[in-house]
Amino acid sequence: MKHGTNTLHVAFIFLFSILILFCNLSLQVLIYLKKSLSKEILFRELITREIALRHYIHYLKEIGEQKLLLMQYRDHLNIRDENKRRDFLKNCLSLPFSPDDATHVQDHYTLLERQIIIEANDKQVESSGQADIFKKYPRKASILNMPIITTLYYSCFYHYGESDGTFSSPANIRKTFRISDKQFLLTCLGARAKLKAWFDVDALFTTKNWLGYTKKRSPIGFHRIVDILQKNNAPVQVLQDYVNLVEDAEQKISLAQKYKCHDVIINTYRDLKDRQQLIVYRGKVERGSSEYRKIEEILSNSVR
């Protein structure tokens, strides 16, 4: 039965090809083929025949089923072999999707093509033992078919500091896929904090003006950065530096109390000239500790 079905499909495809070569494809023929062939077979044959495909797309527009084109594209993304999937995506690049869908298909193809290159290179480097990063942090899974943000995280983890000209460089991935400053920073921060690369974390937020003065800036609230750092077990001194950058005093004190950043709390109450809160907090720290002595000094030097 299966052999007979395949033979029938071949006959349909042959008829389809003859009609395309010798005449305009009529509406009746399109309707017949659409009803007779499975969507998978029809789409597979159409995608290699540009003229026929455009007739088909025009027909779908006429009957209000243009979304069927995108659905059939998505149905074919379960191709397991990454090289065959890449080739399929490459064929899809010429299809007249809507502008947004066309951008999605282009990005999908570019991403998979790049992942294949990175995967092959990293697999070879890891097996050869040439790079310390792979020795210390062996890869847990293949990068193939991963989402763009997962790919960026991988790049920030294993390929940080590479020149912009390499496919695996975070800067290159950021530019190619138009990743926003906020998304890039969050992803990069997560990867570098996971590695305890606190110098890299600091560099992410440090800007220098034309006079040479440095300042920390961020497109996201510093309170979010503090939470990410804490989840990655950042040292207290690192946490304190970023808690200090939170502008809202109440939020700053709340975070400092949550993560036991004593100096931040003491300095904030000092700057607010809040003697009462300093006295209260003095009772919460160990008597004779550096924090206790600091509060005592502030209280003794402040105007009563």
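Pulled fully out, how much extra length does the chain show between LYS123 and GLN106, if you take 0.36 nm times their separation in residues and subtract their Cα-Cα distance?
Working: separation 17, 0.36 × 17 = 6.12 nm, distance 2.57 nm.
Additional length available on full extension: 3.6 nm.
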*Set LYS136/LYS252; LYS84/LYS135; LYS196/LYS260; LYS258/LYS294 screened for pairs whose C-alpha atoms are more than 24 Å apart*: LYS136/LYS252; LYS84/LYS135
*Report the local net charge at TYR160: Lys and Arg +1, Asp and Glu -1, summed over other residues whose C-beta lies under 11 Å from its C-beta.*
-1
_How large is the Rg to Rh ratio of region 80-179 when both quantities use alpha carbon positions and Rh follows Kirkwood?_
1.01
*What does the highest-first list of 234-244, 199-209, 155-165 look like by mean Cβ count within 10 Å?*
234-244, 155-165, 199-209
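Within a Cβ distance under 13 Å of ILE118, other residues only, what is the Lys/Arg minus Asp/Glu net charge?
Numbers: positive: ARG114, LYS123, ARG139; negative: GLU82, GLU113, GLU119, ASP122, GLU126, GLU162.
Taking every other residue near ILE118 into account, the sum is -3.
Only the coordinates and a few stated rules stand behind these numbers; no lab work does. As the structure is a prediction and not an experimental result, all values here were calculated from the model. Don't worry about glycine lacking a Cβ; one is built from the backbone with ideal geometry, like all the others, and counts go over all protein chains shown.
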